[in-house]
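Please read the structure below before turning to the comments.
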Amino acid sequence: MKYKRCLCTILIQAKVKTEPNKNLRQFQQVIEIIERNNHDKARLIPILQEVQEAYRFLPPQVLTYIATALNMPVAEVYGVATFYAHFSLEAKGKYIIKVCDGTACHVKGSSRLLDTLHSKLGLSDKKHTTDDMMFTVEAVSCLGACGLAPVMVVNEKVYGEVSARKCEEVLTEIRETENSLAIEQA
Amino acid sequence: METISTVDLKEVARQYEAAASRVHKRIVVCAGTGCMANGALQVYQSLKEAIIKAGMQEFTELELDVHDDTKKTIHLTGSGCQGFCAQGPLVNILPEETMYVKVRPEDADEVIERTIVRDEIIERLLYVNPVSGERNKGQLDIPFYKLQNRLVLGECGHVDPENIREYIAHGGYHAARKAFMELSDIDICNTVSESGLRGRGGGGFPTGRKWNLTRTEPSEKKYVICNGDEGDPGAFMDRSLMEGNPHRVLEGMMIAARAIGADEGYVYVRLEYPLAVKRMRKAIEDALDAGVLGEDVFGSGHSMFIHVMEGAGAFVCGEETALMASIEGKRGMPMPKPPFPAQKGLFGKPTVINNVETLAAVPLILRHGASWFNQHGTTNSKGTKTFALTGHVANTGLIEVPFGTTLREIVYNIGGGVTDNDGKVTHEGFNAVQIGGPSGGCLTEEDLDLPLDYDNLIAKGAMIGSGGLVVMNKQSCMVQIARFFMNFTQNESCGKCVPCREGTKQMLALLDDIIEGRATDETFELLEEVGNVVKLASLCGLGKTAPSPVLSTIVKFKDEYLQHIRYKHCPTNNCKALRSISIDPEKCIGCTACARKCPVKAISGDKKQLHVIDAAICTKCGICFEVCKFDAVVGFN
């Protein structure tokens, strides 16, 4: 344990030299998460989940940090992070729109929704996040709300029996909220 | 909530019932994922306000020591999935069992004033039978419910999933107590074997035998795992159970633990089910507080702890060895068997791993006896099975029927018939039912009267799987459906063994050739050949069953495949590349709208003259179809 802590400190110090305040803050959360999970290798997945929740994605330097702290090869942590669909090594937008592509949603036209979102936001199968980091569109496997197919989830909110028009309405609604937020801030 | 310090289940139940008897009416709002998406929480809130406004007393949790008879008391509670997702949000009023469907927050005042205060029924909120047009008053009358046999789902939708007292008052944890205090481990294994319970997760392995194998392994430490990684697209039975009756699942795990001699368990839940995770966690906390779980369970000297592990989005983790790797913090890749989990499972210790539904059935078997359980079902498939009924069917939702029920009964009587793409019930629309998700196959019209059980379905090249039942109408292209599943398994293949990793990729490419018009007869033969190799040579269940949707449609819908291959024609016109797009000369007035909008300039024609599409240039994007105000562009659905 002592050895691990020691390495952590070295790493933090190395980071602090380059960008002092930002990185210290950044790693503070990871340290807390790892401590909370008792430096337990078997808890790697919950650790990554908590880290992703804090950062909205898994930055590479954080993965290296976790590996060192848990005394495991970086490749192994990287392997787990890339294996599971939930983990993202790229930053995602503020609004994550998940279009369910389970069987029931598929037969009820989920691909039409995806097409609409892609064309409205200028995204494609390859490009998932808008340049302003506002929207990320993903096709996901079954969300288990098949009775309401086709289903779309924006962050945590579930929308059932979504039509292409409803899709557009939801986008407009989000944009309006964002605009009024921006005005308030200004 | 005070803690139930000494676990006297009978006393808890008695107190609860005494409190419940003072309740004038009980309003149960469905708070499953489906109804919540339709606004059940707002309905709940409005009902709460309306009750207070009407001058009545409302309780969200029954206070055991309140003696106030001056006001009418109303018990307002949320419940787990009541099953009838298509009609949500659902509000069930007891003791009359009046069920209101599609309730809006605006309806709350009227519900309280008329139904609660004056005992009237609000006709407009009742369920309308789509076939007969008549209104049904409640679960006892609605065919969707009347024709089911809800055993495992029994309390789901009646009890408040976040209240352990209600579960105990409904007979909960009595079976666990019996297991810890009265029965021996051998007794439990024998009772479960006798009941004929088989795994509900897909394989159908006899549960009693699995437990017995683990029981006899000599080891100090053993584990119980509840597999709630319900990854099959189109299935949500496990989600509904975990959300609707989490204590039943815990009780099942406790009994399993007692039977094999384990003291620790994991519930592995998909991260796509945040509500199920939340409710399982709450149930475990409450059970610990109540003294049902923890050290020295019921004073038996045995201890039992259960943890919730959230998955991270990998279908293959539904496979037992992969799931255990995932709990250990590794990539969720399967291991060759043997050794079986019963010998070397989680962290190398003997482990029993059961599906949510299997575990939820166990307390019932101990409560009512093996012979009560095995009176339901067929010779080799005992009990009932839950199905997620979805797709082109009028009543989508969660159902439970005894094994041996026919598909016709499910689709037409419970499901209310097949619908067309606009959601209307049609009589000639039935095409197929996809059962068992990406590991299953299709059943067609000729199989409508087949009694559904484990063995009959295997014989038909399908499987019960976890129980996703997706109905498809005649407007669905079966080659596309096969491709959909192939795309799914190809994405989800973990990449460990070559037959699955490469085979699924090749099969997907061959299917793409078919739906994009590049296929020859050879493609078809090759597809079948590769499919059989993947089936025989893959390491785990995911790979072995991955070709099933393709192989099953090849047999059942050979003509449809051949139409795509030989005539480059999709009978349902779903395959974009095979569509032949043209302009109807009768309808075209030469407005030039399509020609102006065509992104590839494939449409030619002068003003007020007939326009023509050049098939060689056309990309079949559909823009001309959208812009034409005269419906002159034909060839799109």
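Data for the structure
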quantity	calculated
Residue exposure sequence - B:THR60, B:THR405, B:THR384 - by fewest surrounding Cβ within 10 Å	B:THR60, B:THR405, B:THR384
Entries of A:LYS92/A:LYS166; B:LYS556/B:LYS620; B:LYS496/B:LYS544 with Cα pairs more than 19 Å apart	A:LYS92/A:LYS166; B:LYS556/B:LYS620
The protein assembly as shown: C-alpha gyration tensor shape, a/c 1.5 cut-off, then a/b vs b/c	rounded
Nearest 10 degrees, 0 to 90: helix A:44-55 Cα axis against chain A principal axis	70
HN-Hα J in Hz across segment B:194-199 - Karplus 6.51, -1.76, 1.60, θ = phi - 60°, x for Gly and Pro	4, 5, x, 5, 10, x
Using alpha carbons only: equivalent-ellipsoid semi-axes of chain B, gyration tensor based, whole Å	47, 34, 20
Placed amide H near B:ILE225: partners under 5 Å, 5+ positions off or other chain	B:TYR266, B:VAL352, B:ILE353, B:ASN354
Partner chain coverage, peptide A:96-106 - average Cβ within 10 angstrom	6
Distance from segment A:129-186 to segment B:237-302 (C-alpha centre basis), Å	34
Span from the segment B:104-161 Cα centroid across to the segment B:546-562 one, whole angstrom	41
Percent antiparallel among DSSP beta bridges (both partners in chain B, rounded to 5)	55
Where chymotrypsin sites (Phe, Trp or Tyr not before Pro) in DSSP loops with at most 15 other Cβ within 10 Å are excluded, longest remaining stretch of chain B	B:1-566
Chain lengthening between B:ALA509 and B:ALA459 when straightened (0.36 nm per residue, less Cα-Cα)	15.2 nm
Nearest-ten-degree value, helix B:356-368 long axis tilted from longest Cα axis of chain B	40
Estimated distance in nm for a label pair at B:ASP606 and A:MET72, the labels positioned 7 Å out from Cα along Cα-to-Cβ	7.4
Residues B:ILE617, B:ILE514, sorted so that the one with the fewest Cβ neighbours within 10 Å comes first	B:ILE617, B:ILE514
Spacing of the two label points (7 Å from each Cα toward its C-beta) at B:VAL627 and A:GLU169, in nm	2.8
0 to 90° range, to nearest 10: angle between helix A:20-36 axis and chain A longest Cα axis	90
Average Cα contact separation per residue, segment B:174-248, under 8 Å, 6 or more apart, as relative contact order %	17
Antiparallel bridges, percent of DSSP beta bridges restricted to the protein assembly as shown (to nearest 5)	55
Under-5 Å amide H pairs with B:THR426, H placed in peptide plane, nonlocal only	B:VAL418, B:THR419, B:ASP420
Chain B: relative contact order in percent, alpha carbon pairs under 8 Å with at least 6 residues between	11
Cα shape, segment B:9-146, gyration tensor, a/c 1.5 rule	prolate
Amide H contacts under 5 Å for A:TYR84, placed H, 5+ residues apart	none
Over segment B:170-374, relative contact order from alpha-carbon pairs under 8 Å, at least 6 apart, %	31
Per-residue Cβ neighbour rank within 10 angstrom, fewest leading, B:VAL29, B:VAL269, B:VAL101	B:VAL101, B:VAL29, B:VAL269
Per DSSP, loop GluC sites (Glu not before Pro) in segment B:193-235 with at most 15 further Cβ within 10 Å	B:GLU220
³J(HN,Hα) computed for each position of segment B:279-287 - Karplus, 6.51 cos²θ - 1.76 cosθ + 1.60, integer Hz, glycine/proline x	6, 5, 4, 5, 4, 5, 4, 5, 5
Within chain A, longest stretch clear of exposed GluC sites (Glu not before Pro) (DSSP loop, no more than 13 other Cβ within 10 Å)	A:1-89
Peptide-level mean, for B:33-40, of C-beta atoms on other protein chains within 10 Å	5
Per-residue average of Cβ from other chains inside 10 Å of B:42-54	0
20 Å cut-off, amide nitrogen to a point 7 angstrom out along B:LYS221 Cα→Cβ, residues in segment B:314-350	B:321-331, B:339-350
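Here, each number is a calculation from the coordinates, and none is a lab measurement. What you are looking at is a predicted structure, and each value in this text was computed from that prediction instead of being measured. So basically every Cβ, Gly included, is an ideal-geometry build from the backbone, and we count neighbours across all protein chains shown.
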